[in-house]
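Before any comments, here is the structure.
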């Protein structure tokens, strides 16, 4: 390994560590937004993860999400790892499609398209994770109309709102951080850069 490659890899590891630390700390700020399900709380821990996935690619996004959830589990999980598992699955459902689509062709259009698809998958995976993992393991029995009400008025709006908030904040911050912190060209500003060259 050359000195340049070693330096680049070290720099990447430092940035990954910073992103994981930011995600872990943001996870402590949780806000309930659904009256019928106060245990569903929005946090912004996936914003640094999605930014990192946009910068380094979907594989790094998986690593970032795993490290965030692992760190949360090791520092005192209140759910015995159940909440961290659900958080990992739901987080990846947003991060993977968003970063995969954007990383193949960096532009505003692909960023919005990827995050939009990610939000849809986030809603679907959120329902499946709750119904088949969280509710049974927590001993919360919901069937019939009660389960339907929880899905329609709880899970769907919760994950929609959470996905929109995370995506919007990521969209705004990534344009700023991609140049200053990560030293990469952001596809979100490609049109603006082209205008500067042609003017």
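The values are calculated or read from the model by the stated rules, or taken from the named source; none is laboratory data. Predicted model, so just to flag it, every value in this text is computed and none were measured. Counting neighbours? That spans all protein chains shown, and the Cβs are built from the backbone with ideal geometry, glycine included.
Residues in segment 71-94 that are modelled with pLDDT of 95 or more and more than 27 Å from residue 147 (Cα to Cα): there are none.
Residue-level check: of (1) closer than 21 Å to residue 35 by Cα; (2) surrounded by 18 or more Cβ atoms within 10 Å (Cβ to Cβ); (3) modelled with pLDDT under 95; (4) in contact with a helix residue (DSSP H, G or I) (Cβ under 7 Å, 6 or more places away or on another chain), residue 123 misses just (3). Of all residues in segment 1-51, count the ones that are in a strand (DSSP E or B) and in contact with a helix residue (DSSP H, G or I) (Cβ under 8 Å, 6 or more places away or on another chain). The total comes to 1. Looking at segment 52-60, is at least one residue surrounded by fewer than 18 Cβ atoms within 10 Å (Cβ to Cβ) and either more than 25 Å from residue 161 (Cα to Cα) or in contact (Cβ under 8 Å) with a residue 12 or more places away in the chain (or both)? Taking every residue of segment 52-60 in turn, at least one turns out to be surrounded by fewer than 18 Cβ atoms within 10 Å (Cβ to Cβ) and either more than 25 Å from residue 161 (Cα to Cα) or in contact (Cβ under 8 Å) with a residue 12 or more places away in the chain (or both). Residue check, residue 83 against (1) more than 12 Å from the chain's Cα centre (by Cα); (2) more than 19 Å from residue 43 (Cβ to Cβ), all met but one. Which one? Single failed check for residue 83: (2).
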